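What follows is a single structure, written as structure tokens, with notes after it.
What follows is calculated from the coordinates using simple rules that are stated; it is not laboratory data. The model shown is predicted, which means the values in this text are computed figures rather than measured ones. Reconstructed Cβ throughout: ideal geometry from the backbone, glycine too, with neighbour counts over all protein chains shown.
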Amino acid sequence: SEVTTQFDAVVIGSGPGGEGAAMQLVKKGRSVAMIEKHDSLGGGCTHWGTIPSKALRHSVSRLIEYNTNPLFMGACAPHSMSFAAILKHAQGVIQKQVQMRSGFYQRNGVTVLHGTASFEDSHTIKITQDDGTVEYIGTKQIVIATGSRPYHPPDVDFSHERIYDSDTVLSLKHEPKSIIIYGAGVIGSEYASIFRGLGVKVDLINTRDRLLSFLDAEISDALSYHLRNNGVVIRHNEEYERIEGHADGVTLFTKSGKRLDADCLLYANGRSGNIEELNVAALGLKPNSRGQLEVSNQYQTEVENVFAVGDIIGYPSLASAAYDQGRICATAMLEGDCEKRLISDIPTGIYTIPEISSVGKTEEELTQQKVPYEVGRAQFKHLARAQISNMAVGSLKILFHRETKEVLGIHCFGERAAEIIHIGQAIMEQKGEGNTIEYFVNTTFNYPTMAEAYRVAALNGLNRIRD
Ligand code: FAD
């Protein structure tokens with residue numbers, strides 16, 4: 001096993017975790033190799049995850065707007081779209097994202113090597129090509145950013161052409177009239193919104209008693225209400241007993257004795273880390289049962305020069321967090337020190353229809369921690385900008401400390417929530433005196449805007465403590 005090239009750092013995986021780390025390391029003058037087993041760059045994020053699902057959602061939400069906006073109703077004939085049609089737009093975006101990445105790695109001097117990486121030892125990586133040829137490269141430091149894939153329980157037949165996971169759904173073979181989505185996490189809820197928007201009959205099976213239980217309960221309830229209002233049938237507290245594929249559809253039997261039939265099924269319940277091919281046993285590392293690695297506050301594994309970021313280290317399993325972790329991990333690699341971000345500082349964007357976003361604490365957390373907080377609310381329907389855009393659904397709620405007025409959490413629901421949240425996040429990041437709800441009443445907002453929701457919510461909250 002002769003080493004052909006030596007690098008300062010090797011990053012395994014070209015998703016957002018690998019990208020964040022590689023870019024930070026080359027910027028600081030390190031020689032970096034990025035190893036990617038797929039032909040094109042960008043990771044699961046670009047090819048099967050974030051990007052395609054968001055592009056599909058965009059098309060569907062424009063379709064819904066067209067069919068429901070009073071501006072068009074009556075003036076134009078109602079429209080429909082096929083899954084195949086909205087997939088075209090998604091594929092175009094994927095292509096642009098891949099091209100952009102190849103370009104900037106080249107410009108910034110990241111050496112991209114295609115092939116499957118595995119550990120020989122903590123300083124040697126073996127790269128295997130599809131045709132079996134191997135190459136060994138040497139490195140001082142390593143970042144594992146191999147991401148995750150959909151979990152496949154052994155009793156579900158994923159080779160059946162009517163049974164999909166979140167990767168294979170992108171090559172859907174039949175335009176379904178009905179779909180069962182098993183698993184009501186973020187991915188399941190987003191796809192429920194997409195299919196329902198296309199007019200498909202959707203059964204969303206939740207193994208828990210609430211949708212997205214990490215969310216503020218009011219927001220999670222609002223999501224259930226609006227999904228149901230849009231026609232999604234949500235079944236909480238259900239688990240499958242058996243899933244059967246037939247020539248023309250699928251049947252799911254629940255443990256509670258129900259039988260559900262549909263044209264196809266999307267299984268979206270859990271993900272597993274891409275760990276097997278890495279041979280981490282060569283390093284003495286033991287992943288957990290979901291194929292994830294444990295890391296320190298510095299994103300360091302138990303092996304001193306081996307780091308891990310992104311989905312391979314588990315929660316929160318977001319592209320946004322993966323990129324950030326990669327960047328912060330690179331600082332630890334360069335300077336031997338970094339500060340791992342707290343989960344509560346990371347915003348969550350959930351691209352259901354309607355959209356959800358939050359940052360900071362939920363009401364439930366604050367109550368549990370006995371923090372004296374107050375709530376300020378704004379309803380989108382009262383904002384001029386929302387009325388102009390026919391946006392009837394949506395709200396913004398600010399949680400703040402009754403005495404210090406510090407903003408503790410922001411929860412937004414409705415179109416563009418994932419953008420709007422960043423205004424509040426910026427204030428929350430001004431630690432100390434810079435973070436106060438009063439900022440939102442003392443500043444000038446463009447008018448009319450959705451951002452104005454902050455002023456309305458802040459006035460509402462401050463009025464409540466003055467009463
Ligand atoms: P990945 O993006 O999965 O990249 C890992 C890369 O490593 C892959 O390219 C893989 O081929 C490569 N690799 C694996 N093993 C090897 C090996 N041995 N050798 C060489 N290369 C290897 N997150 C958000 O923030 N917002 C969203 O809206 C969002 N939507 C999502 C929707 C869906 C349907 C899914 C599935 C996920 C979504 N996510 C979203 C989550 C997000 O996609 C992941 O958190 C993110 O991709 C994780 O990044 P990563 O760098 O850890 O891994």
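Select from the range 131-216 those trypsin sites (Lys or Arg not before Pro) which occupy a DSSP coil region and have at most 16 other Cβ atoms within 10 Å, ordered by residue number.
LYS173, LYS177, ARG208, ARG210
Over the range 15-118, what number does the Rg to Rh ratio reach, with both radii from the alpha-carbon atoms and Rh per Kirkwood?
In the range 15-118, Rg relative to Rh is 1.18.
Of the listed pairs LYS54/LYS397; LYS177/LYS258; LYS54/LYS381, which have alpha-carbon separations greater than 22 Å here?
LYS54/LYS397; LYS54/LYS381
With N set to the residue count of the range 174-316, report its C-alpha Rg divided by 2.2 N^0.38 Å to two decimal places.
Normalised Cα radius of gyration, the range 174-316: 1.29.
Under Stokes-Einstein, with the Kirkwood radius over Cα pairs standing in for Rh, what whole-number D in µm²/s applies to the range 86-245 at 37 °C and 0.692 mPa s?
168 µm²/s
Filter the GluC sites (Glu not before Pro) in the range 330-413 down to the DSSP loop ones having no more than 12 other Cβ atoms within 10 Å, then list what survives.
Loop-located and lightly packed - GLU339, GLU403.
Convex hull volume of the Cα atoms in the chain, per residue, in Å³?
So the per-residue Cα hull volume is 173 Å³.
Please give me the summed charge of the neighbours of ALA322: other residues whose Cβ is under 14 Å from its Cβ, Lys and Arg +1, Asp and Glu -1.
Taking every Cβ under 14 Å from that of ALA322, the sum is +1.
Return P(r) of the range 360-456 (all Cα-Cα pairs; 5 Å bins starting at 0; whole %; ordered from short to long distances).
Taking every Cα pair in the range 360-456, the percentages come to 3, 14, 25, 25, 18, 11, 5, 1, 0.
If you add up the charges near SER31, with Lys and Arg at +1 and Asp and Glu at -1, over every other residue whose beta carbon is less than 14 angstrom from its beta carbon, what do you get?
+3
Determine which aspartates and glutamates satisfy two conditions relative to LYS96: a Cα distance under 17 Å, and not lying fewer than 8 residues away in the same chain.
GLU19, ASP39
Please give me the summed charge of the neighbours of ALA426: other residues whose Cβ is under 13 Å from its Cβ, Lys and Arg +1, Asp and Glu -1.
Result for the neighbourhood of ALA426: -2.
Order these by the 10 Å Cβ neighbour count, fewest first: ASP345, ASP263.
ASP345, ASP263
Over all alpha-carbon pairs of the range 308-422, lay out the pair-distance distribution in 5 Å bins, whole %, shortest bin first.
Spelled out bin by bin, the range 308-422 gives 2, 11, 16, 17, 16, 14, 12, 7, 3, 1, 0 percent.
Please report CYS412, CYS338, CYS264 as a ranked list, fewest other C-beta atoms within 10 angstrom at the top and most at the bottom.
Arranged by neighbour count, lowest to highest, CYS412, CYS338, CYS264 become CYS338, CYS264, CYS412.
DSSP loop trypsin sites (Lys or Arg not before Pro) in the range 1-92 with at most 16 other Cβ atoms within 10 Å of their Cβ, which ones?
Passing both the DSSP loop test and the Cβ count: LYS28.
With N set to the number of residues, divide the alpha-carbon radius of gyration of the range 337-383 by 2.2 N^0.38 Å and report two decimals.
1.52
Among GLY349, ALA457, LEU366, which residue has its Cα positioned farthest towards the positive end of the charge dipole of the range 310-467, with +1 placed on the Cβ of Lys and Arg, -1 on the Cβ of Asp and Glu, and the dipole taken about the Cα centre?
ALA457
So how do MET34, MET428 line up by other beta-carbon neighbours within 10 Å, fewest first?
Ranked by crowding around the Cβ, least crowded first: MET428, MET34.
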